[in-house]
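The values are calculated or read from the model by the stated rules, or taken from the named source; none is laboratory data. Note that the structure is predicted; figures quoted are calculated from it, not measured. Cβ placement follows ideal geometry from the backbone for every residue including glycine, while neighbour counts extend to all protein chains displayed. These area figures cover heavy atoms from the full protein model, side chains too; ligands, DNA and RNA do not enter into them. Shrake-Rupley method; radii C 1.70, N 1.55, O 1.52, S 1.80 Å.
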Amino acid sequence: MTDERRTQSPGAPERKHTGGAATEPTAAESDRRLTPFQAVNQQFERGAELMGLSEDLRIALKTPYREVMVELPLRCEDGEIRTFSGYRVQHDNSRGPMKGGLRYHPEVDLDEVRALASLMTWKTAVVGLPYGGAKGGINCDPHDLHEHDVEVLTRRFVARLSRFIGPHEDIPAPDVNTNAQVMAWIVDEYAKYHGFTPAVVTGKPIQLGGSVGRDSATGRGLQFVTERAAATMGMPLEGARVAVQGFGKVGSWTARYLARVGARIVAISDANGGVFDGDGLDIEGIVAAVTEPGLIPVGAGKERITNAELLALDVDILVPAALGNVLHARNAAQVRARLVVEGANHPTTPEADEILLAAGRTVVPDILANAGGVTVSYFEWVQNLQRFHWSAQRVDEELRRIMDAAYDGVTELATQRQADLRTAAFALAISRVAEATRLRGVS
Ligand code: NAD
């Protein structure tokens, strides 16, 4: 995480971890300027409409349960005092403890954390996990900080949050720019207040109670839903051309798994842009050459492309697996993939969604497609509570069972009600959360 650890060859363009390239808009400027939370709620409304949910219950279900905001001043290793903002939004707990990742990124703000927290409520419900939704983050770029600064910042954040998180309250996990090491610091800091409690976070190192298969779980789940969707569309995965945006925890594993089942990964990208090879990239070779997580090694692929070009490639399957709002009103019509599988959270704005649907694209929505990560997080939590370890085979089998059942449940509702997959996924999730809320009673 320090500057020294950057591997940049002399004369090479600067390689960054975060932030979009200036020439490639990632924000949906021409969309109706919806904030991320408004955009998620627009999707929510469609699902609620399909289920005939009353207006008062809609308001109750949309509104976050609790929002925690803390200021985090930090004397950095370079001597400078910098003040960061930390957020944890707990959206809903009617179906169980709240669950969701922790993101370290300069663009983290309250509205986006709210959006991501509410997506977690719908995601855990659509796959039937006994959880609600939450999300957190700090508006920092960990790649501009010394690793020790990131540790101190994490510990300070946990100290301020420790009353609000816990194995039966709210269970964080890794997200953009956070990893198993960050989770280990959280376990250690939380232990100072509550004793050793591994179930307070998931995505931990195995030695601290992490689950086998957690690091690859989101990609594995994406493979399962892609197989299901491709089969429904009559599209053989063998030889299917795939473009994956983002080469971090989600994108790299998705590319690996899809390559293993015979798909041809023709393009991948990171925050600096992408690489293309029409014959298919050697994904395992590229992964083996990665020196910094999330960054494609220099020299990979035959041809450099931009992130904007990657999204518009003539491929069968597109997997946006980086940040939100990358498909928007100005570029959605350029998408040529028949199948879009959302690895990232909210990669498609509502207007882009309409454009894609009108163009006959099949979009497997984030709350279904990328739910493999939270599903194996659930397995990790269960193992922690039981003090028992599952085998890799058991994790994989249970993950496939849950993902397949969720995919089938969503497609069945979509067919019955003649809805798109996103609306059906929201509708299914909303009906489950609404029922739990009704049964528990709103007092
Ligand atoms: P990560 O930090 O491991 O990787 C992010 C990747 O995106 C990196 O390759 C980075 O270079 C790239 N990137 C950053 N900015 C970019 C830009 N402007 N354009 C193109 N690429 C860019 O993060 P991750 O855990 O892989 O998460 C990626 C997405 O998947 C996020 O939306 C996250 O919320 C979502 N998600 C993650 C998980 C999980 O288990 N980690 C689960 C579900 C959803």
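Once every DSSP H run of n ≥ 4 in the chain is given -39500 (n - 2.57) and the sum is divided by its residues, what mean residue ellipticity at 222 nm do you get, rounded to the nearest 500 deg cm²/dmol? Could the numbers behind the result be given before it?
Numbers: 14 runs with 185 residues, N = 443.
Taking each H run of at least 4 residues, the total per residue is -13500 deg cm²/dmol.
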Segment Cys76-Gln386, length gained on full extension (0.36 nm per residue, minus Cα span): 107.6 nm
Net charge of Cβ neighbours under 14 Å - reference Phe426; Lys, Arg +1; Asp, Glu -1: 0
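Calculate, for Thr83 and Gln416, the FRET efficiency according to 1/(1 + (r/R0)^6) with r their C-beta to C-beta distance and R0 60 Å; round to the nearest 0.05.
Numbers: r = 52 Å, r/R0 = 0.86.
Efficiency for this residue pair is about 0.70.
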Cα→Cβ-extended label distance, 7 Å offset, between Val261 and Phe196, nm: 3.9
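Counting Lys +1, Arg +1, Asp -1, Glu -1, what net charge surrounds Glu169 among other residues with beta carbon under 12 Å of its beta carbon?
Values: positive: Arg66, Arg88, Lys99, Arg163; negative: Asp170.
With Lys, Arg at +1 and Asp, Glu at -1, the neighbours total +3.
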Distance in nm between pseudo-label sites at Glu55 and Arg440 (7 Å out along the Cβ direction from Cα): 2.6
Sparse-neighbourhood loop sites, trypsin sites (Lys or Arg not before Pro) in segment 231-336 - DSSP loop, at most 12 other Cβ within 10 angstrom: Lys302
Selected from Val275, Val68, Val250 as most flexible by GNM, with the chain as the system and alpha-carbon contacts under 10 Å: Val68
GNM result for the chain, Cα springs below 10 Å: residue of Ala392, Ala180, Ala125 fluctuating most strongly: Ala392
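Within the accessible area of the chain, what % is carbon and sulfur when the probe is 1.4 Å and the other protein chains stay in place?
On the way: 8840 of 17600 Å².
Of the solvent-accessible surface of the chain, carbon and sulfur hold 50 percent.
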Zone of Asp404's modelled label, taken as backbone nitrogen in segment 111-136 under 17 Å from a point 7 Å along Cα→Cβ: 127-128
Loop-located chymotrypsin sites (Phe, Trp or Tyr not before Pro) in segment 181-220 whose Cβ has at most 15 other Cβ within 10 Å (DSSP): Phe196
Among Ile286, Ile171, Ile430, residue whose mean-square fluctuation peaks in a GNM of the chain (springs only between Cα atoms under 10 Å): Ile286
Low-density loop positions, GluC sites (Glu not before Pro), segment 186-289 - DSSP coil, at most 16 other Cβ in 10 Å: Glu238
Cα-centred dipole magnitude for the chain, charges only on beta-carbon of K, R (+1) and D, E (-1), debye, nearest 20: 1080
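Quick one: net charge of Thr124's neighbours, Cβ under 11 Å, K/R +1, D/E -1? Mind dumping the intermediate values first?
Numbers: positive: Arg95, Lys99, Lys123, Arg432; negative: Asp92.
Result for the local shell: +3.
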Centre separation in Å (Cα based) which lies between segment 387-443 and segment 207-265: 20
